[in-house]
Number of protein chains: 2
Amino acid sequence: MTKIKVSAFRWVPPFAQGLVRDLRVRWALEEAGLAYEERQLGLGEHKSERYRQHQPFGQIPTYEEDGLVLFESGAIVMHIAQRSETLLPLDPSARARATTWMFAALNTVEPPIMFLTQIDQQQSDDESAKYWREGVVGAVKDRLAGLAEWLGGRDYLEDKFTAGDLLMTTVLRILRRGDLVRQIPSLEAYQARCEARPGFQRALAAQMATFAGNSPPQD
Amino acid sequence: MTKIKVSAFRWVPPFAQGLVRDLRVRWALEEAGLAYEERQLGLGEHKSERYRQHQPFGQIPTYEEDGLVLFESGAIVMHIAQRSETLLPLDPSARARATTWMFAALNTVEPPIMFLTQIDQQQSDDESAKYWREGVVGAVKDRLAGLAEWLGGRDYLEDKFTAGDLLMTTVLRILRRGDLVRQIPSLEAYQARCEARPGFQRALAAQMATFAGNSPPQD
């Protein structure tokens, strides 16, 4: 019997499909070989009083297992990774380095990328939007350049794939509609290399299957 | 002999004093009872080729110990916390909950707060700046409300002080020039409660002492 439950949206619009953060958790569970069930939420339900008692900020995903409730995709991936040598090496130094990359993905690389997507969602054409966008694009480029410089000819951020690569890949994916990653071929190749893992493919297919099964009626 | 080295700025302007992220690491080391040395960097030195070989994004702080180099304040605090029951409880579920709050501080609460400070640093008076600022203030208020709602009458995010509170406190501090925290008395009291800890006071004094000792000449 499956004991792990991960919250996920029943359906989201196409621009968010394949990006919602339960993808990170599904991927980690796949890499760790752990089965899970979905706890599906309708749009808006994540902002309900009831859900917020588990997740104070009304975000997806949460993780439930034997009475333990966790949230924050980074923390959940860390929790799963501690049971999986694929995600976190046993050697303490290698483990600490992998953890460094987990935080780098979420606290250094993701924030300017999220600002950029928020600006772009406004779809504002005025000069001021362009001005702000330019500054944020500069910040994103700076992070991506630092990342590419570090990677150099490496396949992964450290000697082998870890939970750091998992989170970094899901952060780079947020830029899929633009060409900022594509402008740096080594970074594009890195993302493709990580996304080629069977665990990622299964995780993505599972998220997309839920959306496909719950598509709103066309009219 | 001290083996731990933490990078820190020799001096920064007053608006950043008491906020630079080595404060988080100093505080964690104080709570864990571990001695450390500073590796002082002149302004701009953190963007040098040499420093970037350790820290690909040119940020403060880095952490060095017996040949291991870590960066990202969150990852370093995690690394230290794993040796300190004060920062991370031994019980696995309590540990996972504390980790959840560490990521919530850095990936959910900090990003809109940083965006707000970046907008305010531009000191732009035009209408567009006001428009963007309003949206970001809304996002910050939403996070703070979620946090305050969770805290309710509690002293800490969980049963006792953990590394989650440590990081959350340093995130709330970034808002010290505005009144967004002050508008929520329970949150202001929470921040004050955490900052009253002797470990925080020693960490802050240490960062400020370095700045005081390296103040630029007045003319």
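We did not get these values from a lab; they are worked out from the coordinates using the rules stated. Since the model is a prediction, treat every value here as computed from it, not as a measurement. Don't worry about glycine lacking a Cβ; one is built from the backbone with ideal geometry, like all the others, and counts go over all protein chains shown.
Of all beta-carbon atoms in chain B, the one sitting closest to the axis that brings chain B onto chain A gives B:S128, 1, with the distance in whole angstrom. Computed from the C-beta positions of B:Q201 and A:A94 and an R0 of 41 Å, the FRET efficiency is 0.70 to the nearest 0.05. Note on A:42-48: average number of Cβ atoms from other chains within 10 Å of each residue's Cβ is 0. With its label point defined 7 Å out from Cα along the Cα-to-Cβ axis, A:E37 lies at 5.7 nm from the matching points of the other copies, in increasing order. On the beta carbon distance between A:F15 and B:A35, with R0 = 30 Å, the FRET formula returns roughly 0.05.
Straight-distance candidates among the lysines for linking to A:K141, with alpha-carbon spacing under 17 Å and chain neighbours fewer than 8 residues away dropped: A:K130, B:K47. Report, for A:R176, each distance to the same residue's label point in the other copies, shortest first and in nm; define the point 7 Å along Cα→Cβ. Spacings between copies for this position, smallest first, are 4.2 nm.
Normalising the average separation of contacting C-alpha pairs (under 8 angstrom, six or more residues apart) by the number of residues puts the relative contact order of chain A at 27 percent. What does the C-alpha gyration tensor say about the overall shape of the stretch B:72-219? Classify as rounded when a/c is under 1.5, otherwise prolate if a/b is larger than b/c, or oblate. The shape class here is oblate. Overall size of the protein assembly as shown from C-alpha positions, given as principal axis extents largest first: 72, 52, 52 Å.
Label-to-label distance for B:R193 and A:Q82 is 2.4 nm, based on points extended 7 Å past Cα in the beta-carbon direction. Take A:L68, move 7 Å from Cα toward the beta carbon, and the resulting point lies 2.2 nm from the same point in each other copy, nearest first. Considering only A:L68, A:L41, A:L151, the Gaussian network model of chain A with Cα springs below 10 Å gives its largest mean-square fluctuation to A:L68. Within chain B, the selection of entire DSSP H helices by a Cα span of 27 Å or greater along the long axis and an average Kyte-Doolittle value of at least -1.0 returns B:127-151. Please work out whether the stretch B:1-122 counts as rounded, prolate or oblate from its C-alpha gyration tensor, where a ≥ b ≥ c are the square roots of the eigenvalues and a/c under 1.5 means rounded, while otherwise a/b larger than b/c means prolate and anything else oblate? Here the stretch B:1-122 falls in the oblate category.
If you take the beta carbon distance between A:K3 and A:R50 as r and set R0 to 30 Å, what does 1/(1 + (r/R0)^6) give as a FRET efficiency, to the nearest 0.05?
Numbers: r = 21 Å, r/R0 = 0.71.
Step by step, r from the Cβ atoms, then E = 0.90.
DSSP beta bridges confined to chain B are antiparallel in about 60 percent of cases. Can you give me the C-alpha center-to-center distance between the stretch A:163-219 and the stretch A:36-106, rounded to a whole angstrom? Using only Cα atoms to place each centre, the spacing works out to 18 Å.
Each helix, a run of at least 4 DSSP H residues, gives -39500 (n - 2.57); summed and divided by the residues of the protein assembly as shown, these come to -16000 deg cm²/dmol at 222 nm.
Of all DSSP-defined beta bridges confined to the protein assembly as shown, some 55% are antiparallel rather than parallel.
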